[in-house]
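A quick write-up on the structure given underneath.
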Amino acid sequence: MSVELIWALITGAALFGVGIYGALSQTNLVMIMMGVELILAGALINLVAFWRYLHPDVAAGQMFVLIVMTVMALEMAVGFGVAIARFRSKGSVEMEEAAELRE
Amino acid sequence: MITAQAIFIGFFGVAAVWFGVVVFRTFSMVRSAIALLFSQTALGAMFLTMQAEFLGVLQIMMMATEMSIMAFFMVMFMMDPGGMGKMEMTHQKRLSWIVGLASFVGAVAIAVFIDWGPVATTVAETAEQTEALGLELLGRSMLIFEMAGVTILTAMIAATSVAIPPMPSPEKTHKDKV
(Lines give C-alpha, C1' and ligand atoms only; values in the text may rest on other atoms or scores of the structure.)
Protein backbone atom coordinates (compact mmCIF):
# COMPACT_ATOMS: atom_id res chain seq x y z
CA MET A 1 0.00 0.00 0.00
CA SER A 2 1.22 3.49 -0.89
CA VAL A 3 2.15 5.83 1.98
CA GLU A 4 1.37 8.83 -0.23
CA LEU A 5 -2.17 7.61 -0.93
CA ILE A 6 -2.87 6.89 2.74
CA TRP A 7 -1.55 10.30 3.87
CA ALA A 8 -3.64 12.06 1.25
CA LEU A 9 -6.75 10.12 2.35
CA ILE A 10 -6.06 10.88 6.02
CA THR A 11 -5.72 14.58 5.15
CA GLY A 12 -9.05 14.37 3.33
CA ALA A 13 -10.63 12.66 6.35
CA ALA A 14 -9.28 15.34 8.71
CA LEU A 15 -10.52 18.20 6.51
CA PHE A 16 -13.90 16.47 6.28
CA GLY A 17 -14.10 16.09 10.07
CA VAL A 18 -13.07 19.72 10.71
CA GLY A 19 -15.59 20.88 8.09
CA ILE A 20 -18.40 18.86 9.68
CA TYR A 21 -17.52 20.36 13.08
CA GLY A 22 -17.56 23.89 11.61
CA ALA A 23 -20.79 23.46 9.67
CA LEU A 24 -22.59 22.11 12.74
CA SER A 25 -21.13 24.34 15.44
CA GLN A 26 -21.12 27.81 13.85
CA THR A 27 -24.08 30.14 14.15
CA ASN A 28 -23.11 32.54 11.36
CA LEU A 29 -24.11 31.72 7.78
CA VAL A 30 -20.73 32.72 6.31
CA MET A 31 -18.88 30.56 8.86
CA ILE A 32 -21.17 27.62 8.06
CA MET A 33 -20.25 28.09 4.40
CA MET A 34 -16.58 27.92 5.38
CA GLY A 35 -17.30 24.55 7.02
CA VAL A 36 -18.95 23.30 3.83
CA GLU A 37 -15.91 24.52 1.84
CA LEU A 38 -13.66 22.38 4.04
CA ILE A 39 -15.93 19.34 3.60
CA LEU A 40 -15.69 19.76 -0.18
CA ALA A 41 -11.91 20.29 0.11
CA GLY A 42 -11.73 16.88 1.82
CA ALA A 43 -13.60 15.37 -1.14
CA LEU A 44 -11.25 17.14 -3.58
CA ILE A 45 -8.06 15.73 -2.11
CA ASN A 46 -9.56 12.22 -2.12
CA LEU A 47 -10.50 12.52 -5.79
CA VAL A 48 -7.04 13.75 -6.80
CA ALA A 49 -5.36 11.00 -4.74
CA PHE A 50 -7.55 8.31 -6.28
CA TRP A 51 -6.83 9.61 -9.76
CA ARG A 52 -3.07 9.88 -9.16
CA TYR A 53 -2.42 6.60 -7.34
CA LEU A 54 -5.14 4.29 -8.65
CA HIS A 55 -6.17 5.42 -12.15
CA PRO A 56 -3.73 8.02 -13.56
CA ASP A 57 -4.56 6.95 -17.11
CA VAL A 58 -8.27 7.86 -16.79
CA ALA A 59 -8.90 11.59 -17.29
CA ALA A 60 -12.44 11.28 -15.87
CA GLY A 61 -10.84 11.35 -12.41
CA GLN A 62 -9.65 14.93 -13.01
CA MET A 63 -13.04 15.83 -14.44
CA PHE A 64 -14.69 14.89 -11.13
CA VAL A 65 -12.35 17.38 -9.43
CA LEU A 66 -13.53 20.12 -11.78
CA ILE A 67 -17.15 19.26 -10.95
CA VAL A 68 -16.48 19.51 -7.20
CA MET A 69 -14.74 22.87 -7.76
CA THR A 70 -17.87 23.98 -9.64
CA VAL A 71 -20.01 22.92 -6.68
CA MET A 72 -17.75 24.96 -4.36
CA ALA A 73 -18.18 28.07 -6.52
CA LEU A 74 -21.95 27.54 -6.74
CA GLU A 75 -22.23 27.11 -2.98
CA MET A 76 -20.41 30.40 -2.46
CA ALA A 77 -22.47 32.31 -5.05
CA VAL A 78 -25.87 31.12 -3.86
CA GLY A 79 -24.84 31.29 -0.19
CA PHE A 80 -23.75 34.92 -0.49
CA GLY A 81 -26.93 35.76 -2.43
CA VAL A 82 -29.00 34.33 0.43
CA ALA A 83 -26.75 36.08 2.99
CA ILE A 84 -27.29 39.48 1.31
CA ALA A 85 -31.07 38.95 1.16
CA ARG A 86 -31.16 37.86 4.80
CA PHE A 87 -28.95 40.73 5.97
CA ARG A 88 -31.05 43.23 4.05
CA SER A 89 -34.31 42.01 5.59
CA LYS A 90 -33.20 41.21 9.16
CA GLY A 91 -29.85 42.98 9.60
CA SER A 92 -28.05 39.78 10.58
CA VAL A 93 -26.94 36.45 9.15
CA GLU A 94 -27.01 34.66 12.52
CA MET A 95 -28.76 31.33 12.03
CA GLU A 96 -30.07 31.22 15.60
CA GLU A 97 -32.22 34.23 14.68
CA ALA A 98 -33.61 32.47 11.61
CA ALA A 99 -36.06 30.17 13.39
CA GLU A 100 -39.00 31.80 11.62
CA LEU A 101 -37.85 30.21 8.34
CA ARG A 102 -39.21 26.91 9.70
CA GLU A 103 -42.73 28.29 10.02
CA MET B 1 9.14 3.45 1.79
CA ILE B 2 9.04 7.17 2.61
CA THR B 3 9.75 9.17 -0.53
CA ALA B 4 10.23 12.93 -0.96
CA GLN B 5 6.72 13.03 -2.42
CA ALA B 6 5.31 11.39 0.72
CA ILE B 7 7.14 13.89 2.95
CA PHE B 8 5.77 16.86 0.99
CA ILE B 9 2.25 15.40 0.91
CA GLY B 10 2.44 14.91 4.69
CA PHE B 11 3.77 18.45 5.23
CA PHE B 12 1.17 20.17 3.07
CA GLY B 13 -1.54 17.89 4.48
CA VAL B 14 -0.69 18.92 8.06
CA ALA B 15 -0.64 22.58 6.95
CA ALA B 16 -4.05 22.26 5.25
CA VAL B 17 -5.62 20.65 8.33
CA TRP B 18 -3.93 23.07 10.74
CA PHE B 19 -5.20 26.13 8.88
CA GLY B 20 -8.61 24.44 8.60
CA VAL B 21 -8.70 24.18 12.40
CA VAL B 22 -7.56 27.83 12.77
CA VAL B 23 -10.63 28.91 10.73
CA PHE B 24 -12.87 27.96 13.66
CA ARG B 25 -10.50 28.84 16.48
CA THR B 26 -9.83 32.51 15.78
CA PHE B 27 -12.28 35.26 16.75
CA SER B 28 -11.24 37.52 13.88
CA MET B 29 -13.29 36.89 10.78
CA VAL B 30 -10.62 38.22 8.44
CA ARG B 31 -8.14 35.80 10.00
CA SER B 32 -10.69 33.02 9.48
CA ALA B 33 -10.95 33.82 5.77
CA ILE B 34 -7.16 34.04 5.41
CA ALA B 35 -6.70 30.74 7.29
CA LEU B 36 -9.16 29.10 4.89
CA LEU B 37 -7.22 30.58 1.97
CA PHE B 38 -3.98 29.09 3.35
CA SER B 39 -5.69 25.75 3.91
CA GLN B 40 -6.93 25.65 0.31
CA THR B 41 -3.53 26.80 -0.97
CA ALA B 42 -1.82 23.99 0.95
CA LEU B 43 -4.30 21.66 -0.74
CA GLY B 44 -3.28 23.10 -4.12
CA ALA B 45 0.35 22.49 -3.18
CA MET B 46 -0.58 18.86 -2.41
CA PHE B 47 -2.08 18.57 -5.91
CA LEU B 48 1.16 19.92 -7.37
CA THR B 49 3.13 17.40 -5.31
CA MET B 50 0.90 14.65 -6.66
CA GLN B 51 1.84 15.79 -10.18
CA ALA B 52 -1.61 17.16 -10.97
CA GLU B 53 -0.20 20.52 -12.08
CA PHE B 54 -3.28 21.83 -13.88
CA LEU B 55 -5.58 21.10 -10.94
CA GLY B 56 -3.07 22.46 -8.42
CA VAL B 57 -2.71 25.80 -10.17
CA LEU B 58 -6.47 25.98 -10.74
CA GLN B 59 -7.13 25.28 -7.06
CA ILE B 60 -4.72 27.99 -5.87
CA MET B 61 -6.00 30.62 -8.34
CA MET B 62 -9.67 29.86 -7.73
CA MET B 63 -9.42 29.75 -3.97
CA ALA B 64 -7.33 32.94 -3.77
CA THR B 65 -10.14 34.81 -5.55
CA GLU B 66 -12.92 33.05 -3.67
CA MET B 67 -11.43 33.61 -0.24
CA SER B 68 -10.65 37.29 -0.95
CA ILE B 69 -14.34 37.82 -1.76
CA MET B 70 -15.26 35.83 1.34
CA ALA B 71 -13.08 38.10 3.51
CA PHE B 72 -15.01 41.16 2.23
CA PHE B 73 -18.33 39.51 3.03
CA MET B 74 -17.10 38.51 6.48
CA VAL B 75 -16.24 42.11 7.27
CA MET B 76 -19.60 43.31 5.93
CA PHE B 77 -21.82 40.81 7.69
CA MET B 78 -20.19 40.04 11.01
CA MET B 79 -21.14 41.94 14.12
CA ASP B 80 -17.54 41.87 15.34
CA PRO B 81 -15.31 41.29 12.27
CA GLY B 82 -12.08 42.14 14.06
CA GLY B 83 -12.82 39.71 16.89
CA MET B 84 -11.92 42.34 19.50
CA GLY B 85 -14.95 41.51 21.66
CA LYS B 86 -14.24 37.74 21.54
CA MET B 87 -17.89 37.04 20.78
CA GLU B 88 -19.02 33.44 21.12
CA MET B 89 -20.55 32.42 17.79
CA THR B 90 -20.96 28.70 18.27
CA HIS B 91 -23.69 26.37 19.45
CA GLN B 92 -24.12 22.61 20.03
CA LYS B 93 -20.34 22.31 20.36
CA ARG B 94 -20.40 18.90 22.03
CA LEU B 95 -22.56 17.35 19.32
CA SER B 96 -20.42 18.98 16.61
CA TRP B 97 -17.24 17.60 18.21
CA ILE B 98 -18.69 14.09 18.39
CA VAL B 99 -20.00 14.08 14.81
CA GLY B 100 -16.79 15.66 13.43
CA LEU B 101 -14.59 13.19 15.28
CA ALA B 102 -16.75 10.21 14.29
CA SER B 103 -16.60 11.30 10.63
CA PHE B 104 -12.82 11.61 10.82
CA VAL B 105 -12.33 8.23 12.52
CA GLY B 106 -14.73 6.51 10.10
CA ALA B 107 -13.02 7.99 7.03
CA VAL B 108 -9.55 7.12 8.37
CA ALA B 109 -10.66 3.56 9.08
CA ILE B 110 -11.91 3.22 5.51
CA ALA B 111 -8.65 4.73 4.16
CA VAL B 112 -6.42 2.42 6.21
CA PHE B 113 -8.27 -0.89 6.22
CA ILE B 114 -9.47 -1.09 2.63
CA ASP B 115 -7.20 -2.75 0.12
CA TRP B 116 -6.94 -0.18 -2.65
CA GLY B 117 -5.19 -2.56 -5.02
CA PRO B 118 -2.05 -1.87 -7.04
CA VAL B 119 -0.75 1.69 -6.88
CA ALA B 120 0.48 3.51 -9.98
CA THR B 121 4.02 4.79 -9.65
CA THR B 122 4.23 6.85 -12.82
CA VAL B 123 1.93 9.43 -14.33
CA ALA B 124 1.76 11.10 -17.74
CA GLU B 125 3.54 14.41 -18.39
CA THR B 126 1.63 17.60 -17.56
CA ALA B 127 0.95 18.50 -21.19
CA GLU B 128 -0.37 15.01 -21.89
CA GLN B 129 -2.58 15.12 -18.78
CA THR B 130 -4.08 18.46 -19.79
CA GLU B 131 -4.66 17.25 -23.32
CA ALA B 132 -6.36 14.10 -22.03
CA LEU B 133 -8.53 16.19 -19.70
CA GLY B 134 -9.51 18.52 -22.55
CA LEU B 135 -10.43 15.58 -24.78
CA GLU B 136 -12.40 14.05 -21.90
CA LEU B 137 -14.31 17.29 -21.25
CA LEU B 138 -15.11 17.89 -24.91
CA GLY B 139 -15.72 14.22 -25.69
CA ARG B 140 -17.16 11.57 -23.41
CA SER B 141 -18.01 13.99 -20.55
CA MET B 142 -19.32 16.81 -22.74
CA LEU B 143 -22.86 16.58 -21.35
CA ILE B 144 -21.67 16.75 -17.73
CA PHE B 145 -19.36 19.67 -18.58
CA GLU B 146 -22.17 21.55 -20.32
CA MET B 147 -24.49 20.84 -17.39
CA ALA B 148 -21.91 22.34 -15.03
CA GLY B 149 -21.72 25.45 -17.22
CA VAL B 150 -25.49 25.89 -17.35
CA THR B 151 -25.73 25.29 -13.59
CA ILE B 152 -23.16 28.02 -12.94
CA LEU B 153 -25.10 30.43 -15.15
CA THR B 154 -28.36 29.55 -13.35
CA ALA B 155 -26.72 30.00 -9.95
CA MET B 156 -25.32 33.40 -11.01
CA ILE B 157 -28.75 34.60 -12.13
CA ALA B 158 -30.43 33.15 -9.01
CA ALA B 159 -27.85 34.66 -6.63
CA THR B 160 -28.10 38.07 -8.30
CA SER B 161 -31.90 38.09 -8.28
CA VAL B 162 -31.98 37.03 -4.62
CA ALA B 163 -29.47 39.74 -3.70
CA ILE B 164 -31.20 42.61 -5.56
CA PRO B 165 -33.48 44.59 -3.19
CA PRO B 166 -37.19 44.13 -3.96
CA MET B 167 -38.75 46.96 -5.96
CA PRO B 168 -41.37 48.94 -4.02
CA SER B 169 -44.87 48.39 -5.37
CA PRO B 170 -46.26 51.31 -7.45
CA GLU B 171 -49.22 51.67 -5.04
CA LYS B 172 -46.97 52.03 -2.01
CA THR B 173 -44.71 54.53 -3.79
CA HIS B 174 -47.79 56.59 -4.74
CA LYS B 175 -49.09 56.54 -1.13
CA ASP B 176 -45.68 57.60 0.21
CA LYS B 177 -45.64 60.55 -2.18
CA VAL B 178 -49.14 61.60 -1.11
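The values are calculated or read from the model by the stated rules, or taken from the named source; none is laboratory data. Computed from a prediction, not measured in an experiment: that's the story for all the values here. Methodologically, a virtual Cβ is constructed for each residue, glycine included, from the backbone with ideal geometry; neighbour enumeration extends over all protein chains shown.
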(message) Condition first: more than 20 Å from A:I10 (Cβ to Cβ), more than 10 Å from chain A (Cβ to nearest Cβ), in a helix (DSSP H, G or I) and not aliphatic (A, V, I, L, M). Now tell me which residues in the stretch B:26-40 satisfy that.
(response) B:R31
(request) Tell me, yes or no, whether the stretch A:51-66 has at least one residue that is within 25 Å of B:L95 (Cβ to Cβ), facing chain B (nearest Cβ under 7 Å) and among the small types (G, A, S). (result) no
(request) For A:S92, state whether it is of a type in the set (S, T, Y), more than 7 Å from chain B (Cβ to nearest Cβ) and free of Cβ contacts under 8 Å to residues at least 40 places away in the same chain. (result) yes
(request) Please give the number of the condition A:V36 fails out of (1) within 18 Å of B:L37 (Cβ to Cβ); (2) surrounded by 20 or more Cβ atoms within 10 Å (Cβ to Cβ). (result) (2)
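Is there a residue being touching a strand residue (DSSP E or B) at 6+ places or on another chain (Cβ under 8 Å) and within 7 Å of another protein chain (Cβ to nearest Cβ) anywhere in the stretch A:30-40?
Just the residues of the stretch A:30-40 that are touching a strand residue (DSSP E or B) at 6+ places or on another chain (Cβ under 8 Å), to begin with: A:32, A:34-35.
Among the residues that remain, those that are also within 7 Å of another protein chain (Cβ to nearest Cβ) are: A:34.
Yes, the stretch A:30-40 has at least one match.
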(request) Report, by residue number, each residue of the stretch B:77-113 that is at pLDDT below 90, at negative phi and not small (G, A, S). (result) B:F77, B:M78, B:M79, B:D80, B:P81, B:M84, B:M87, B:E88, B:M89, B:T90, B:H91, B:K93
